Structure formats: C-alpha cells, structure tokens
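Encoded as structure tokens, the structure appears first; notes follow it.
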Amino acid sequence: ISNVDLEAAFDLGIEVHTTPDGPTSAVAELTLGALLGLLREIPALSEDLHNGRWVKRTGGQIEGRTILVVGGGRIGIRVAKSLDALGAEILVCDPYLSASACDYSVVSLHEGYAEADVISFHNSGEDCLLGEDDLPRLKPGVFVLNAARGSVVSELALLDGLDQKIIAGVWLDVFQDEPYSGLLVGHKKILLTPHIGSYTSECRTRMERDAVENLLASLGVMEPSA
C-alpha cells in the first residue's frame, strides 16, 4: 500500500483493502529458489553449458547455515519455515515481534548481521536497513536477498561489499527505480529478477479473488473473509 495515499483516502471516505495472503507462498518460493541459485551457482553453470563449457563448480548448501529473516510477517515466516525444514538455523528480526510469539530466535538487526550467513529482507517500510556503514558488522561471505523494497538495501553498499568480498552474492527482486537499469546490471555475483515475487498463476488468481471479495464486502453483498 506504499503507492496509495492513505491519508487522502481516509479524508475522502474511500476504503482501502489489501490482498496479503495471495503472495505469501509465491514470494517465499521465489526467495528459496534464488538462494539455491546463488549457493549452487545455477545461472553460471547453465551459462557455461549453453556456451559449450563443461565446468563443475563447488557450491554450498542451505543446511547448517544461519539465516537472518528481516520481517516477521506472513512472507518472512513462510521463508523461515521453508529454510528451517532444510536444516538452516533461523534468526528473525522484527521490532514488532516478541520472542514469545515466534518459533525462532528473535534478534536485533546488528545481532543478526554478526551471525548470519544469509540475510533475507521481507520487512515493511522504506528505510534503508543495510548501508555502507553496516558492512563491517556483516559476517564475511554473507549472501543478501531482498524481496521487500528497493530502498531497504543500498546499491552502493552491495557493490562495495562484493568488492571487499564481505558479500558473496546478492539477489534482488525489488528496486527503487523500475524498470531497473542501474549499477548492478551485469555483475556476475548479483542475481536480478524484475519484481516477479507475486507472478505465479496461482498467486494472481488468489489476489484477484480476494480483491473481488473485498469489494463485495465493502458493498455489503457478502461478509468479510475471516
């Protein structure tokens, strides 16, 4: 709802609804796929074979890695559960989430940065949470994933972290300026996707159905969904 002027809508008496459940699985599964792609260098292996090169690369596994999930909402917790099932140690950072309400270790951002082998952003808000000043706090060899907002992670920090070999790889599905054609295009350690987290047929169908149900509930035609 960052594209909607909520204050103006309220003043005009316009109801604003969201369809938050539809993207949960779609974004979580894409995040998992991107992480596997980075760890096993799947894009590079495919490119090698397409160019006639039979090159075997030794990658890494999810099992045994410490993963910091930033944002303990629907998507973040689904990502946490998926990675937990594959043997990862999960840390969650969310200022609105209490330890008693979470099945995983709840940590501060700086605590998580110091321990994480992978950082996956799924938080709300537009504030930058990973900038150049944060690079010394990161565990060397960390992978950074962002499916939240483009402004959450600084592009310059990512480039600097990759150059210093603090960051081992990056996946971004969100950007401050879209369509994206910025500094990160062409970098071999960065996997880019064009904001397709919710782009599955199942997700789009669910979102469209939920939108119609929201409309009918607002018109008093049906009861709101639980």
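Please treat every number below as a calculation from the coordinates, not as lab data. Here the structure is a predicted model, which means the values were calculated and not measured. Cβ atoms come from the backbone with ideal geometry, glycine included; neighbour counts cover every protein chain shown.
The table below gives the values:
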read-out: Segment residue 178-residue 212, length gained on full extension (0.36 nm per residue, minus Cα span); value: 9.5 nm
read-out: Computed over the chain: relative contact order in percent, which uses C-alpha pairs under 8 Å that are six or more apart; value: 18
read-out: Distribution of pairwise C-alpha distances over the range 1-86, 5 Å bins, in %; value: 3, 11, 16, 14, 12, 11, 10, 8, 5, 4, 3, 1, 0
read-out: Estimated Rh, the range 1-146: Kirkwood, alpha-carbon pairs, angstrom; value: 17.2
read-out: Semi-axis lengths, Å, the range 101-166, gyration tensor of Cα atoms, sqrt of 5 times eigenvalues; value: 19, 15, 10
read-out: Förster radius 30 Å - calculated FRET efficiency between residue 160 and residue 85, Cβ distance, rounded to 0.05; value: 0.35
read-out: ³J(HN,Hα) computed for each position of the range 153-160 - Karplus, 6.51 cos²θ - 1.76 cosθ + 1.60, integer Hz, glycine/proline x; value: 10, 6, 4, 5, 5, 5, 5, 5
read-out: Per-residue [θ]222 nm for the chain (sum of -39500 (n - 2.57) over DSSP H runs n ≥ 4, rounded to 500); value: -10500 deg cm²/dmol
read-out: GNM result for the chain, Cα springs below 10 Å: residue of 200, 24, 66 fluctuating most strongly; value: 200
read-out: Other-chain or far-sequence residues with amide H under 5 Å of residue 88's (modelled H); value: 64
read-out: Relative pair counts by distance (%), Cα atoms of the range 151-198, 10 Å bins; value: 26, 59, 15, 0
read-out: Listed residues 64, 197, 72, most fluctuating in the chain (Gaussian network, C-alpha, under 10 Å); value: 64
read-out: Cα-based shape type of the range 65-207, given that a ≥ b ≥ c are square roots of the gyration tensor eigenvalues and the cut on a/c is 1.5; value: oblate
read-out: Cα-based convex hull, the range 127-226, per residue volume (Å³, whole number); value: 146
read-out: Estimated inter-spin distance, residue 40 and residue 114, nm [label 7 Å along Cα→Cβ]; value: 3.4
read-out: Pairwise FRET efficiency - residue 6 versus residue 201, Cβ, R0 = 35 Å, nearest 0.05; value: 0.70
read-out: Over 21 Å between alpha carbons, listed pairs 81/189; 56/81; 165/189; 139/165; value: 81/189; 56/81
read-out: Pair residue 223, residue 58: separation of 7 Å Cα→Cβ label points (nm); value: 6.1
